[in-house]
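Participant: Take this structure first; my questions come after.
The values are calculated or read from the model by the stated rules, or taken from the named source; none is laboratory data. Bear in mind that the values here come from a model prediction, so they are computed numbers and not experimental data. Note that we place each Cβ from the backbone using ideal geometry, even for glycine, and neighbour counts take in every protein chain shown. Only protein heavy atoms, including side chains, enter the accessible area calculation; ligands, DNA and RNA are left aside. Shrake-Rupley method; radii C 1.70, N 1.55, O 1.52, S 1.80 Å.
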Amino acid sequence: MAVTAIVGAQWGDEGKGRVVDYLAQTADMVIRFQGGDNAGHTVVNDFGTFKLHLVPSGIFNPQTVNIIGTGAVVNPQSLLDEMAGVAKAGVSTENLFISNRAQMVMPYHQMLDGLQESARAEKKIGTTKRGIGPAYADKGARRGLRLGDLLHSDWLKERLRPALENANREITHFGGEPLSLNVLFEECMAWRDALGHRIVDTLPLVRDAYRTGKSILLEGQLGVMRDLDWGIYPYVTSSNPTASFAPSGAGLPPNSINRVFGVVKAYSTAVGEGPFPTELFDDNGAFLREKGNEYGATTGRPRRCGWFDGVAIGFASYLNGFTGLAITKLDVLDGMKELKICTHYRLPDGTLIDYVPDTATLETVEPIFETHPGWDEPTTDVRRWDDLPENAKSYLKRIETLAGTPLAFVSVGAEREAMIVL
Ligand code: GDP
Ligand code: IMO
Ligand code: MG
(Lines give C-alpha, C1' and ligand atoms only; values in the text may rest on other atoms or scores of the structure.)
(Ligands and ions follow the chains in the order given, each with its own letter.)
Protein backbone atom coordinates (compact mmCIF):
# COMPACT_ATOMS: atom_id res chain seq x y z
CA MET A 1 0.00 0.00 0.00
CA ALA A 2 1.43 3.35 -0.95
CA VAL A 3 0.91 6.95 -1.92
CA THR A 4 2.03 7.37 -5.51
CA ALA A 5 2.25 10.62 -7.44
CA ILE A 6 1.90 10.32 -11.23
CA VAL A 7 3.10 13.45 -12.94
CA GLY A 8 4.00 14.73 -16.40
CA ALA A 9 7.75 14.93 -17.09
CA GLN A 10 7.58 17.11 -20.23
CA TRP A 11 5.22 19.73 -21.73
CA GLY A 12 1.99 17.88 -20.83
CA ASP A 13 0.05 15.20 -22.74
CA GLU A 14 2.58 12.52 -21.84
CA GLY A 15 -0.17 9.95 -21.25
CA LYS A 16 -0.87 10.58 -17.54
CA GLY A 17 -4.55 9.62 -17.87
CA ARG A 18 -3.60 6.36 -19.56
CA VAL A 19 -1.08 5.48 -16.83
CA VAL A 20 -3.43 6.45 -13.98
CA ASP A 21 -6.22 4.36 -15.53
CA TYR A 22 -3.84 1.38 -15.59
CA LEU A 23 -2.65 1.81 -12.00
CA ALA A 24 -6.10 2.70 -10.65
CA GLN A 25 -7.23 -0.88 -11.22
CA THR A 26 -5.79 -1.62 -7.79
CA ALA A 27 -6.10 1.82 -6.17
CA ASP A 28 -8.44 2.79 -3.33
CA MET A 29 -8.34 6.51 -4.07
CA VAL A 30 -7.33 8.81 -6.95
CA ILE A 31 -6.89 12.55 -6.32
CA ARG A 32 -6.44 15.27 -8.98
CA PHE A 33 -4.27 17.73 -7.06
CA GLN A 34 -3.96 20.80 -9.32
CA GLY A 35 -5.10 22.37 -12.58
CA GLY A 36 -8.59 22.36 -13.97
CA ASP A 37 -10.38 21.52 -17.19
CA ASN A 38 -7.36 22.69 -19.19
CA ALA A 39 -6.40 19.02 -18.77
CA GLY A 40 -7.27 16.50 -21.44
CA HIS A 41 -6.48 13.03 -20.11
CA THR A 42 -7.27 10.31 -22.61
CA VAL A 43 -8.30 6.92 -21.30
CA VAL A 44 -9.04 3.94 -23.53
CA ASN A 45 -10.52 0.89 -21.79
CA ASP A 46 -13.47 -1.50 -21.98
CA PHE A 47 -15.91 1.36 -21.35
CA GLY A 48 -14.71 3.24 -24.43
CA THR A 49 -12.49 6.22 -25.20
CA PHE A 50 -12.66 9.20 -22.86
CA LYS A 51 -11.06 12.61 -22.76
CA LEU A 52 -11.22 13.51 -19.09
CA HIS A 53 -10.80 17.14 -18.07
CA LEU A 54 -11.70 17.29 -14.37
CA VAL A 55 -12.91 13.80 -13.50
CA PRO A 56 -9.98 11.77 -12.10
CA SER A 57 -8.85 8.83 -14.25
CA GLY A 58 -9.76 6.31 -11.53
CA ILE A 59 -13.48 6.81 -12.20
CA PHE A 60 -13.77 3.52 -14.10
CA ASN A 61 -13.28 1.41 -10.97
CA PRO A 62 -16.35 1.22 -8.75
CA GLN A 63 -14.20 0.53 -5.66
CA THR A 64 -12.01 3.63 -6.15
CA VAL A 65 -12.87 6.93 -4.46
CA ASN A 66 -12.16 9.80 -6.86
CA ILE A 67 -11.43 13.25 -5.50
CA ILE A 68 -10.93 16.64 -7.11
CA GLY A 69 -8.52 18.08 -4.57
CA THR A 70 -8.03 21.41 -2.85
CA GLY A 71 -5.25 22.48 -5.22
CA ALA A 72 -7.51 22.20 -8.28
CA VAL A 73 -9.72 24.84 -9.91
CA VAL A 74 -13.16 23.62 -10.94
CA ASN A 75 -15.59 24.96 -13.50
CA PRO A 76 -18.83 23.48 -12.10
CA GLN A 77 -20.70 23.56 -15.41
CA SER A 78 -17.85 21.91 -17.24
CA LEU A 79 -17.69 19.23 -14.52
CA LEU A 80 -21.43 18.56 -14.78
CA ASP A 81 -21.21 18.22 -18.56
CA GLU A 82 -18.26 15.87 -18.25
CA MET A 83 -19.97 13.74 -15.60
CA ALA A 84 -23.01 13.42 -17.86
CA GLY A 85 -20.76 12.21 -20.70
CA VAL A 86 -19.06 9.63 -18.50
CA ALA A 87 -22.38 8.42 -17.08
CA LYS A 88 -23.78 8.04 -20.60
CA ALA A 89 -21.03 5.48 -21.27
CA GLY A 90 -22.29 3.43 -18.32
CA VAL A 91 -19.65 4.58 -15.82
CA SER A 92 -20.90 5.40 -12.33
CA THR A 93 -19.85 8.75 -10.90
CA GLU A 94 -21.19 7.92 -7.45
CA ASN A 95 -17.68 7.82 -5.98
CA LEU A 96 -16.69 11.31 -7.13
CA PHE A 97 -16.11 14.02 -4.52
CA ILE A 98 -14.88 17.60 -4.69
CA SER A 99 -12.90 19.40 -2.03
CA ASN A 100 -14.91 22.23 -0.47
CA ARG A 101 -11.65 24.20 -0.54
CA ALA A 102 -11.06 23.87 -4.30
CA GLN A 103 -11.45 27.14 -6.17
CA MET A 104 -14.29 27.76 -8.62
CA VAL A 105 -13.63 28.76 -12.20
CA MET A 106 -16.40 31.27 -12.89
CA PRO A 107 -17.78 32.31 -16.30
CA TYR A 108 -15.97 35.64 -15.93
CA HIS A 109 -12.63 33.83 -15.54
CA GLN A 110 -13.15 32.12 -18.84
CA MET A 111 -14.14 35.41 -20.53
CA LEU A 112 -11.07 37.12 -19.09
CA ASP A 113 -8.76 34.33 -20.27
CA GLY A 114 -9.90 34.96 -23.86
CA LEU A 115 -9.77 38.76 -23.55
CA GLN A 116 -6.31 38.73 -21.94
CA GLU A 117 -4.96 36.40 -24.63
CA SER A 118 -6.27 38.71 -27.39
CA ALA A 119 -4.64 41.68 -25.65
CA ARG A 120 -1.28 39.85 -25.60
CA ALA A 121 -1.17 40.22 -29.39
CA GLU A 122 2.29 38.95 -30.47
CA LYS A 123 3.14 37.61 -27.01
CA LYS A 124 0.38 35.06 -26.58
CA ILE A 125 0.76 32.18 -24.11
CA GLY A 126 -1.53 29.98 -26.15
CA THR A 127 -3.73 29.10 -23.17
CA THR A 128 -6.58 26.62 -23.40
CA LYS A 129 -8.97 29.54 -22.67
CA ARG A 130 -10.57 27.64 -19.82
CA GLY A 131 -10.14 30.51 -17.35
CA ILE A 132 -7.36 28.78 -15.45
CA GLY A 133 -4.97 31.76 -15.15
CA PRO A 134 -7.66 34.27 -14.03
CA ALA A 135 -9.07 31.76 -11.51
CA TYR A 136 -5.68 31.13 -9.88
CA ALA A 137 -5.01 34.90 -9.99
CA ASP A 138 -8.20 35.50 -7.96
CA LYS A 139 -7.12 32.74 -5.57
CA GLY A 140 -3.80 34.52 -5.04
CA ALA A 141 -5.56 37.86 -4.65
CA ARG A 142 -7.83 36.22 -2.04
CA ARG A 143 -11.05 37.05 -3.80
CA GLY A 144 -11.63 33.60 -5.28
CA LEU A 145 -14.79 31.62 -4.54
CA ARG A 146 -14.52 28.05 -3.41
CA LEU A 147 -16.77 25.11 -4.12
CA GLY A 148 -17.76 24.98 -0.45
CA ASP A 149 -19.07 28.55 -0.70
CA LEU A 150 -21.95 27.17 -2.78
CA LEU A 151 -23.21 25.53 0.41
CA HIS A 152 -23.41 28.89 2.24
CA SER A 153 -25.55 31.18 0.11
CA ASP A 154 -25.22 34.36 2.20
CA TRP A 155 -21.47 33.96 2.50
CA LEU A 156 -21.34 33.32 -1.27
CA LYS A 157 -23.37 36.38 -2.22
CA GLU A 158 -21.25 38.67 -0.03
CA ARG A 159 -18.12 37.50 -1.80
CA LEU A 160 -19.49 37.10 -5.30
CA ARG A 161 -20.41 40.79 -5.46
CA PRO A 162 -16.87 42.26 -5.05
CA ALA A 163 -15.28 39.44 -7.08
CA LEU A 164 -17.66 40.11 -9.96
CA GLU A 165 -17.25 43.89 -9.70
CA ASN A 166 -13.53 43.40 -10.03
CA ALA A 167 -13.92 41.06 -13.01
CA ASN A 168 -16.47 43.35 -14.71
CA ARG A 169 -14.05 46.28 -14.45
CA GLU A 170 -11.49 44.31 -16.42
CA ILE A 171 -14.06 42.91 -18.85
CA THR A 172 -15.35 46.41 -19.72
CA HIS A 173 -11.78 47.69 -19.98
CA PHE A 174 -11.27 45.14 -22.78
CA GLY A 175 -14.60 46.13 -24.37
CA GLY A 176 -16.50 43.01 -23.22
CA GLU A 177 -20.05 42.81 -21.82
CA PRO A 178 -20.22 42.84 -17.98
CA LEU A 179 -21.97 39.91 -16.29
CA SER A 180 -25.02 40.25 -14.03
CA LEU A 181 -24.73 39.40 -10.33
CA ASN A 182 -28.23 37.97 -10.13
CA VAL A 183 -27.84 35.75 -13.16
CA LEU A 184 -24.53 34.45 -11.85
CA PHE A 185 -25.92 33.85 -8.38
CA GLU A 186 -28.81 31.83 -9.83
CA GLU A 187 -26.30 29.81 -11.80
CA CYS A 188 -24.38 29.14 -8.58
CA MET A 189 -27.59 27.90 -6.93
CA ALA A 190 -28.17 25.50 -9.82
CA TRP A 191 -24.62 24.16 -9.39
CA ARG A 192 -25.25 23.78 -5.66
CA ASP A 193 -28.37 21.73 -6.34
CA ALA A 194 -26.56 19.50 -8.84
CA LEU A 195 -23.21 19.10 -7.08
CA GLY A 196 -23.82 19.98 -3.42
CA HIS A 197 -23.82 16.40 -2.11
CA ARG A 198 -20.36 15.80 -3.61
CA ILE A 199 -18.76 18.92 -2.15
CA VAL A 200 -17.19 17.73 1.08
CA ASP A 201 -14.33 18.41 3.43
CA THR A 202 -11.93 15.97 1.84
CA LEU A 203 -9.44 16.22 4.69
CA PRO A 204 -10.89 13.48 6.93
CA LEU A 205 -11.56 11.31 3.89
CA VAL A 206 -7.97 11.52 2.62
CA ARG A 207 -6.40 11.47 6.09
CA ASP A 208 -8.25 8.32 7.09
CA ALA A 209 -7.39 6.59 3.82
CA TYR A 210 -3.74 7.43 4.41
CA ARG A 211 -3.76 6.38 8.06
CA THR A 212 -5.33 3.04 7.26
CA GLY A 213 -2.72 2.30 4.59
CA LYS A 214 -4.97 2.60 1.55
CA SER A 215 -3.43 2.82 -1.89
CA ILE A 216 -3.68 6.44 -3.07
CA LEU A 217 -2.77 7.85 -6.49
CA LEU A 218 -2.15 11.55 -6.98
CA GLU A 219 -2.92 12.45 -10.60
CA GLY A 220 -1.01 15.43 -12.00
CA GLN A 221 -2.06 17.78 -14.76
CA LEU A 222 0.33 19.09 -17.46
CA GLY A 223 4.10 18.71 -16.97
CA VAL A 224 7.08 20.36 -15.33
CA MET A 225 8.01 22.43 -18.40
CA ARG A 226 4.77 24.38 -17.85
CA ASP A 227 5.14 24.60 -14.06
CA LEU A 228 4.40 28.09 -12.74
CA ASP A 229 7.78 28.33 -10.99
CA TRP A 230 10.11 25.96 -12.87
CA GLY A 231 8.60 25.90 -16.35
CA ILE A 232 9.12 28.23 -19.29
CA TYR A 233 7.56 31.26 -17.56
CA PRO A 234 5.47 33.11 -18.70
CA TYR A 235 4.47 30.35 -21.17
CA VAL A 236 3.24 28.21 -18.30
CA THR A 237 0.05 27.30 -16.53
CA SER A 238 -0.90 29.00 -13.27
CA SER A 239 -0.34 26.02 -10.96
CA ASN A 240 2.46 23.59 -10.10
CA PRO A 241 2.31 20.24 -11.89
CA THR A 242 5.40 18.97 -10.04
CA ALA A 243 5.18 16.22 -7.43
CA SER A 244 6.29 18.59 -4.66
CA PHE A 245 2.86 20.20 -4.87
CA ALA A 246 0.96 16.90 -4.98
CA PRO A 247 0.61 16.28 -1.23
CA SER A 248 -0.32 19.90 -0.58
CA GLY A 249 -2.96 19.98 -3.31
CA ALA A 250 -4.34 16.61 -2.20
CA GLY A 251 -4.30 17.14 1.57
CA LEU A 252 -1.47 14.79 2.56
CA PRO A 253 1.77 15.41 4.47
CA PRO A 254 4.93 15.69 2.31
CA ASN A 255 6.50 12.53 3.73
CA SER A 256 3.44 10.47 2.81
CA ILE A 257 4.67 9.98 -0.77
CA ASN A 258 6.38 6.65 -1.36
CA ARG A 259 6.63 6.65 -5.15
CA VAL A 260 6.75 9.28 -7.87
CA PHE A 261 6.19 8.02 -11.40
CA GLY A 262 7.24 10.40 -14.15
CA VAL A 263 5.14 9.92 -17.28
CA VAL A 264 7.44 10.40 -20.26
CA LYS A 265 6.48 10.37 -23.93
CA ALA A 266 9.12 8.58 -26.02
CA TYR A 267 9.56 11.83 -28.00
CA SER A 268 8.58 15.44 -27.26
CA THR A 269 5.38 17.38 -27.90
CA ALA A 270 4.06 20.75 -26.77
CA VAL A 271 0.85 22.63 -27.36
CA GLY A 272 0.87 26.41 -26.89
CA GLU A 273 3.67 28.94 -27.20
CA GLY A 274 7.16 29.15 -25.72
CA PRO A 275 10.66 27.78 -26.40
CA PHE A 276 10.88 24.11 -27.37
CA PRO A 277 14.53 23.41 -28.27
CA THR A 278 14.12 20.00 -29.96
CA GLU A 279 11.12 21.01 -32.10
CA LEU A 280 11.05 19.46 -35.58
CA PHE A 281 9.79 21.34 -38.62
CA ASP A 282 10.55 18.57 -41.13
CA ASP A 283 9.02 15.27 -42.25
CA ASN A 284 10.00 13.61 -38.96
CA GLY A 285 7.87 16.12 -37.07
CA ALA A 286 4.94 15.54 -39.44
CA PHE A 287 5.40 11.76 -39.09
CA LEU A 288 5.22 11.98 -35.27
CA ARG A 289 2.17 14.26 -35.39
CA GLU A 290 0.21 12.01 -37.72
CA LYS A 291 1.26 8.60 -36.38
CA GLY A 292 1.05 9.78 -32.76
CA ASN A 293 -2.25 11.58 -33.44
CA GLU A 294 -0.74 14.63 -31.77
CA TYR A 295 -3.74 16.93 -31.60
CA GLY A 296 -4.76 18.53 -28.29
CA ALA A 297 -7.30 16.52 -26.25
CA THR A 298 -8.90 19.76 -24.97
CA THR A 299 -8.58 22.26 -27.81
CA GLY A 300 -7.86 20.04 -30.84
CA ARG A 301 -4.83 22.20 -31.72
CA PRO A 302 -2.03 20.39 -33.58
CA ARG A 303 0.78 19.66 -31.11
CA ARG A 304 4.32 20.77 -31.88
CA CYS A 305 6.53 17.66 -32.13
CA GLY A 306 10.23 17.16 -31.51
CA TRP A 307 13.04 14.72 -30.68
CA PHE A 308 13.37 13.41 -27.17
CA ASP A 309 14.82 16.05 -24.86
CA GLY A 310 17.13 14.35 -22.34
CA VAL A 311 17.98 17.67 -20.70
CA ALA A 312 14.33 18.35 -19.90
CA ILE A 313 13.99 14.81 -18.53
CA GLY A 314 17.01 15.14 -16.23
CA PHE A 315 15.53 18.41 -14.98
CA ALA A 316 12.08 16.83 -14.47
CA SER A 317 13.55 13.83 -12.73
CA TYR A 318 15.56 15.96 -10.31
CA LEU A 319 12.75 18.39 -9.46
CA ASN A 320 10.11 15.68 -9.03
CA GLY A 321 12.28 13.05 -7.34
CA PHE A 322 11.07 10.37 -9.74
CA THR A 323 11.35 6.84 -8.41
CA GLY A 324 10.27 5.28 -11.70
CA LEU A 325 9.54 6.20 -15.31
CA ALA A 326 6.43 5.30 -17.28
CA ILE A 327 7.43 5.69 -20.92
CA THR A 328 4.51 6.03 -23.33
CA LYS A 329 4.02 5.90 -27.10
CA LEU A 330 7.08 3.77 -27.84
CA ASP A 331 5.04 2.18 -30.66
CA VAL A 332 4.80 5.54 -32.46
CA LEU A 333 8.55 5.32 -33.14
CA ASP A 334 8.30 1.89 -34.84
CA GLY A 335 9.60 2.17 -38.40
CA MET A 336 11.66 5.32 -37.97
CA LYS A 337 15.15 4.90 -39.48
CA GLU A 338 16.97 6.81 -36.82
CA LEU A 339 16.11 8.70 -33.68
CA LYS A 340 17.78 11.63 -32.01
CA ILE A 341 18.10 12.38 -28.33
CA CYS A 342 19.16 15.79 -27.05
CA THR A 343 21.79 15.37 -24.33
CA HIS A 344 22.89 18.99 -23.75
CA TYR A 345 22.05 22.56 -24.64
CA ARG A 346 24.76 24.83 -26.07
CA LEU A 347 24.64 28.47 -24.98
CA PRO A 348 25.58 31.20 -27.52
CA ASP A 349 29.06 31.48 -25.90
CA GLY A 350 29.69 27.78 -26.53
CA THR A 351 29.15 26.54 -22.96
CA LEU A 352 27.32 23.21 -22.68
CA ILE A 353 24.66 22.90 -19.97
CA ASP A 354 22.69 19.88 -18.77
CA TYR A 355 19.74 21.60 -17.09
CA VAL A 356 16.86 23.81 -18.25
CA PRO A 357 17.82 27.49 -17.82
CA ASP A 358 15.51 30.51 -17.47
CA THR A 359 13.24 31.21 -20.45
CA ALA A 360 15.18 34.10 -22.03
CA THR A 361 18.30 31.89 -22.08
CA LEU A 362 16.38 28.81 -23.23
CA GLU A 363 15.27 30.75 -26.32
CA THR A 364 18.94 31.06 -27.35
CA VAL A 365 20.17 27.49 -26.81
CA GLU A 366 21.14 25.03 -29.50
CA PRO A 367 20.23 21.40 -28.74
CA ILE A 368 23.11 18.91 -28.99
CA PHE A 369 21.93 15.56 -30.29
CA GLU A 370 23.17 12.01 -30.39
CA THR A 371 21.78 9.61 -32.99
CA HIS A 372 20.29 6.18 -32.29
CA PRO A 373 19.32 3.50 -34.80
CA GLY A 374 15.57 2.87 -35.10
CA TRP A 375 13.73 -0.46 -35.41
CA ASP A 376 11.28 -1.89 -37.92
CA GLU A 377 9.50 -4.51 -35.81
CA PRO A 378 6.09 -3.40 -34.49
CA THR A 379 6.03 -3.13 -30.69
CA THR A 380 2.25 -2.75 -30.21
CA ASP A 381 1.70 -6.39 -29.26
CA VAL A 382 4.79 -6.73 -27.08
CA ARG A 383 4.05 -7.32 -23.39
CA ARG A 384 7.49 -8.35 -22.06
CA TRP A 385 10.69 -6.30 -21.94
CA ASP A 386 12.69 -9.22 -23.41
CA ASP A 387 10.48 -9.25 -26.52
CA LEU A 388 11.20 -5.62 -27.47
CA PRO A 389 13.54 -5.01 -30.43
CA GLU A 390 17.16 -4.59 -29.29
CA ASN A 391 17.36 -1.02 -30.64
CA ALA A 392 14.19 -0.06 -28.77
CA LYS A 393 15.69 -1.45 -25.57
CA SER A 394 18.89 0.58 -26.00
CA TYR A 395 16.89 3.74 -26.79
CA LEU A 396 14.86 3.24 -23.59
CA LYS A 397 17.99 2.44 -21.57
CA ARG A 398 19.52 5.72 -22.75
CA ILE A 399 16.43 7.59 -21.50
CA GLU A 400 16.77 5.78 -18.18
CA THR A 401 20.40 6.94 -17.88
CA LEU A 402 19.63 10.55 -18.81
CA ALA A 403 16.80 10.61 -16.26
CA GLY A 404 18.84 8.81 -13.63
CA THR A 405 15.60 6.96 -12.81
CA PRO A 406 14.75 3.30 -13.47
CA LEU A 407 12.14 2.37 -16.06
CA ALA A 408 8.98 1.05 -14.42
CA PHE A 409 6.47 0.84 -17.32
CA VAL A 410 6.61 1.01 -21.10
CA SER A 411 3.34 1.71 -22.89
CA VAL A 412 3.02 0.49 -26.47
CA GLY A 413 -0.58 1.49 -27.21
CA ALA A 414 -3.39 3.72 -25.98
CA GLU A 415 -5.45 0.80 -24.61
CA ARG A 416 -5.26 -0.12 -20.95
CA GLU A 417 -3.66 -3.52 -21.54
CA ALA A 418 -0.93 -2.32 -23.94
CA MET A 419 1.58 -2.03 -21.10
CA ILE A 420 4.95 -3.63 -20.35
CA VAL A 421 5.63 -3.76 -16.62
CA LEU A 422 9.29 -3.96 -15.61
P1 GDP B 1 -2.32 13.24 -20.74
O2 GDP B 1 -2.85 14.62 -20.82
O3 GDP B 1 -0.95 13.20 -20.14
O4 GDP B 1 -3.24 12.28 -20.07
O5 GDP B 1 -2.14 12.74 -22.25
P6 GDP B 1 -3.18 12.97 -23.47
O7 GDP B 1 -4.33 12.07 -23.28
O8 GDP B 1 -3.45 14.40 -23.67
O9 GDP B 1 -2.29 12.54 -24.69
C10 GDP B 1 -1.76 11.24 -24.80
C11 GDP B 1 -2.27 10.61 -26.11
O12 GDP B 1 -1.51 9.47 -26.41
C13 GDP B 1 -3.70 10.14 -26.01
O14 GDP B 1 -4.29 10.25 -27.27
C15 GDP B 1 -3.55 8.67 -25.62
O16 GDP B 1 -4.65 7.86 -26.00
C17 GDP B 1 -2.33 8.29 -26.39
N18 GDP B 1 -1.48 7.25 -25.80
C19 GDP B 1 -1.12 7.08 -24.51
N20 GDP B 1 -0.22 6.08 -24.40
C21 GDP B 1 -0.01 5.63 -25.65
C22 GDP B 1 0.85 4.62 -26.21
O23 GDP B 1 1.64 3.97 -25.52
N24 GDP B 1 0.80 4.46 -27.57
C25 GDP B 1 -0.02 5.19 -28.36
N26 GDP B 1 0.02 4.97 -29.68
N27 GDP B 1 -0.84 6.13 -27.88
C28 GDP B 1 -0.82 6.35 -26.55
P1 IMO C 1 -2.73 17.85 -19.73
O2 IMO C 1 -3.10 17.68 -18.27
C3 IMO C 1 -0.80 20.30 -22.74
C4 IMO C 1 -0.69 24.60 -21.93
C5 IMO C 1 -1.40 25.54 -22.87
C6 IMO C 1 -0.55 26.79 -22.70
C7 IMO C 1 -0.20 26.76 -21.22
C8 IMO C 1 -1.12 27.59 -20.34
O9 IMO C 1 -3.70 17.23 -20.66
O10 IMO C 1 -1.31 17.44 -19.94
P11 IMO C 1 -3.60 27.29 -19.43
O12 IMO C 1 -4.88 27.06 -20.17
O13 IMO C 1 -3.25 26.23 -18.45
O14 IMO C 1 -3.52 28.67 -18.83
O15 IMO C 1 -2.48 27.27 -20.59
O16 IMO C 1 -0.26 25.40 -20.84
N17 IMO C 1 -1.54 23.52 -21.37
C18 IMO C 1 -1.45 22.24 -21.72
N19 IMO C 1 -0.69 21.63 -22.67
N20 IMO C 1 -1.58 19.55 -21.94
C21 IMO C 1 -2.31 20.13 -20.96
O22 IMO C 1 -2.93 19.43 -20.00
C23 IMO C 1 -2.32 21.55 -20.86
N24 IMO C 1 -2.91 22.44 -20.02
C25 IMO C 1 -2.44 23.65 -20.36
O26 IMO C 1 -1.38 25.04 -24.19
O27 IMO C 1 0.65 26.66 -23.42
MG1 MG D 1 -3.59 15.96 -22.23
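Residues checked against (1) in the same structural domain as Ala297 (by TED's automatic domain parsing); (2) within 16 Å of ligand 3 (Cβ to nearest atom); (3) more than 30 Å from Leu145 (Cβ to Cβ):
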residue	(1), (2), (3)
Phe185	no, no, no
Cys188	no, no, no
Val206	no, no, no
Gln221	no, yes, no
Ser238	no, no, no
Ala243	no, no, no
Gly249	no, no, no
Asn255	no, no, yes
Val260	no, no, yes
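Participant: Follow-up. Restricting attention to the range 77-95, does a residue exist that is within 30 Å of Arg159 (Cα to Cα) and under 14 Å from the mean Cα position of the chain (by Cα)?
Facilitator: No: zero hits.
Participant: Condition test on Leu115, is it at negative phi and either touching a Leu at 6+ places or on another chain (Cβ under 8 Å) or basic (Lys, Arg) (or both)?
Facilitator: Judged against the criteria, Leu115 is not a match.
Participant: Taking the range 38-59, which residues are in a loop (DSSP other than H, G, I, E, B) and within 9 Å of ligand 2 (Cβ to nearest atom)?
Facilitator: Passing the criteria: Asn38, Ala39, Gly40, His53.
Participant: Of the residues that make up the range 196-206, is at least one surrounded by fewer than 14 Cβ atoms within 10 Å (Cβ to Cβ) and closer than 23 Å to Val3 by Cα?
Facilitator: So far as the range 196-206 goes, yes, one or more of its residues are surrounded by fewer than 14 Cβ atoms within 10 Å (Cβ to Cβ) and closer than 23 Å to Val3 by Cα.
Participant: Taking into account only those residues within the range 7-34 that are within 12 Å of Thr328 (Cα to Cα) and among the charged types (D, E, K, R), which is nearest to ligand 2 (Cβ to nearest atom)?
Facilitator: Asp13
Participant: Okay, next question. Taking the range 61-85 on its own, how many of its residues are open to solvent by 10 Å² or more (accessible area, probe 1.4 Å) and either closer than 29 Å to Glu417 by Cβ or not in a loop (DSSP other than H, G, I, E, B) (or both)?
Facilitator: 12
Participant: Does the range 338-351 contain any residue that is under 30 Å from Ser57 (Cα atoms) and in contact with a helix residue (DSSP H, G or I) (Cβ under 9 Å, 6 or more places away or on another chain)?
Facilitator: No - not one qualifying residue is present in the range 338-351.
Participant: Still on this structure: Looking at the range 264-296, which of the residues that are among the acidic types (Asp, Glu) and over 24 Å from Ala403 (Cβ atoms) is farthest from ligand 1 (Cβ to nearest atom)?
Facilitator: Asp282
Participant: May I pose another question? Output the residue which, of all residues in the range 1-28 that are farther than 22 Å from Ala312 by Cβ and open to solvent by 10 Å² or more (accessible area, probe 1.4 Å), is nearest to ligand 1 (Cβ to nearest atom).
Facilitator: So, considering only residues that are farther than 22 Å from Ala312 by Cβ and open to solvent by 10 Å² or more (accessible area, probe 1.4 Å), the one nearest to ligand 1 (Cβ to nearest atom) is Tyr22.
Participant: Does the range 383-401 contain any residue that is in contact (Cβ under 8 Å) with a residue 60 or more places away in the chain and within 16 Å of ligand 2 (Cβ to nearest atom)?
Facilitator: No, there is no match, as no residue in the range 383-401 is in contact (Cβ under 8 Å) with a residue 60 or more places away in the chain and within 16 Å of ligand 2 (Cβ to nearest atom).
Participant: Out of everything in the range 241-263 that is assigned to a loop (DSSP other than H, G, I, E, B) and within 16 Å of ligand 1 (Cβ to nearest atom), what residue ends up being nearest to the chain's Cα centre (by Cα)?
Facilitator: Pro241
Participant: Can you name the number of the only condition in (1) in contact (Cβ under 8 Å) with a residue 24 or more places away in the chain; (2) of a type in the set (D, E, K, R); (3) within 22 Å of Leu203 (Cα to Cα); (4) open to solvent by 50 Å² or more (accessible area, probe 1.4 Å) that Lys129 fails?
Facilitator: The failed condition is (3).
Participant: Next question, about the same structure. Quickly run through the range 272-283 and pick out the residues that are more than 9 Å from Trp307 (Cα to Cα) and not in a loop (DSSP other than H, G, I, E, B).
Facilitator: Of everything in the range 272-283, just one residue is more than 9 Å from Trp307 (Cα to Cα) and not in a loop (DSSP other than H, G, I, E, B), namely Asp283.
Participant: Could you list all residues from the range 115-161 that are in contact with a Gly (Cβ under 9 Å, 6 or more places away or on another chain), assigned to a helix (DSSP H, G or I), within 11 Å of ligand 2 (Cβ to nearest atom) and not hydrophobic (A, V, I, L, M, F, W, C)?
Facilitator: Correct list: Gln116, Glu117, Tyr136.
Participant: Show me the strands (runs of 3 or more DSSP E) found entirely inside the range 304-422 where at least 2 residues are open to solvent by 70 Å² or more (accessible area, probe 1.4 Å) and more than 18 Å from Val19 (Cα to Cα).
Facilitator: 338-346, 366-373
Participant: Something else now. Here is a check on your reading of the model: is Leu228 within 19 Å of Ala137 (Cβ to Cβ), hydrophobic (A, V, I, L, M, F, W, C) and within 15 Å of ligand 1 (Cβ to nearest atom)?
Facilitator: Criteria not met by Leu228.
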